[in-house]
Structures are given as structure tokens and as C-alpha cells.
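A.B. asks: If you scroll down you'll find the structure; I have some questions about it.
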């Protein structure tokens with residue numbers, strides 16, 4: 001029973017969101033560190049769109065095998081969603097082929113910090129509510 005509380009889908013999604021925000025912070029920091037490196041191409045982290053797709057597909061009826069000879073179908077669930085790093089090679093802002101825009105990266109860093117804080121606050125509230133229930137509402 002304790003595992004079902006601690007490993008709920010809400011906690012799983014929040015943990016993955018924290019992990020994605022942490023990875024995004026590292027990627028943005030790397031982009032900023034290489035703002036003056038010739039031919040450097042910036043990277044971005046993709047997570048929220050994948051999570052949204054997994055959550056919308058999990059609301060639909062799951063595909064089930066009704067006979068052992070049916071082909072197995074792997075459905076993409078929330079647990080399968082992982083953040084991915086994509087390198088943006090299609091743009092170039094300067095003559096040295098670097099495509100890092102420092103203003104955009106700093107804004108992305110600020111946005112990611114707010115996102116991380118919001119997710120951390122939400123997971124903190126989840127465990128605070130759980131603690132309150134364990135303590136009998138005290």
C-alpha cells in the first residue's frame with residue numbers, strides 16, 4: 001500500500017517534470033557557456049509535448065490482448081516519457097555559424113527556474129497533504 005501512495009501517477013509525473021527541468025537547466029547553461037564558440041549549435045530539451053501526448057493517450061481505453069496469439073502492442077504510458085535533447089542546426093545568427101541568442105537563453109533560464117519552483121512546490125504540497133493525513137489532520 002505504501003508503494004501505491006509513493007509511486008502514484010501524480011508523483012511519477014512530478015518527478016519526471018523535475019528531472020526534465022533539471023536537464024533543461026544544464027542544457028541552457030551549456031548554451032550560454034558556448035555563446036562565443038564558433039560553429040556551436042544550441043540544444044533544447046523536449047518534454048512537455050511528449051508528456052501531453054502520453055497523458056491524452058492514457059485517457060483512452062487501453063489496448064488489450066484477448067488471445068495469446070495476438071500481437072503484443074506496446075502502449076506509450078506516462079512512465080515511458082523521458083526528456084530528450086534536440087540540437088538546433090537549422091539556424092545561424094552570426095557569421096561564425098553560432099546560433100545561440102544570449103537574450104533568448106537568459107529568458108529561457110528564468111522561465112525554467114519558475115517552472116522548476118512550481119513543480120517542486122506542487123510535489124511538496126502532495127507530501128505535506130500525505131503527512132497531514134497520516135497525522136490525522138493535525
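The values are calculated or read from the model by the stated rules, or taken from the named source; none is laboratory data. In this text, all values refer to a predicted model and were calculated from it rather than measured experimentally. Using ideal geometry, Cβ is built from the backbone for each residue, glycine included, and neighbour counts are taken over all protein chains shown.
A.B. asks: Which count do you get for residues in region 10-31 that are surrounded by 15 or more Cβ atoms within 10 Å (Cβ to Cβ) and closer than 15 Å to residue 107 by Cβ?
C.D. replies: 5
Results for (1) under 11 Å from the mean Cα position of the chain (by Cα); (2) at pLDDT 85 or above; (3) farther than 30 Å from residue 98 by Cβ; (4) assigned to a helix (DSSP H, G or I), shown as yes or no for each residue.
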{"site": "4", "(1), (2), (3), (4)": "no, no, yes, yes"}
{"site": "13", "(1), (2), (3), (4)": "yes, yes, yes, yes"}
{"site": "20", "(1), (2), (3), (4)": "yes, yes, no, yes"}
{"site": "32", "(1), (2), (3), (4)": "no, yes, no, yes"}
{"site": "35", "(1), (2), (3), (4)": "no, yes, no, no"}
{"site": "38", "(1), (2), (3), (4)": "no, yes, no, no"}
{"site": "45", "(1), (2), (3), (4)": "yes, yes, no, no"}
{"site": "52", "(1), (2), (3), (4)": "yes, no, yes, yes"}
{"site": "57", "(1), (2), (3), (4)": "no, no, yes, yes"}
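A.B. asks: If residue 86 meets every condition in (1) under 23 Å from residue 44 (Cα atoms); (2) in contact (Cβ under 8 Å) with a residue 24 or more places away in the chain; (3) part of a helix (DSSP H, G or I) apart from one, which number is that one?
C.D. replies: (3)
A.B. asks: Sort out which residues of region 87-112 are surrounded by 14 or more Cβ atoms within 10 Å (Cβ to Cβ) and either under 26 Å from residue 11 (Cβ atoms) or in contact with a strand residue (DSSP E or B) (Cβ under 7 Å, 6 or more places away or on another chain) (or both), and write them in order of number.
C.D. replies: 112
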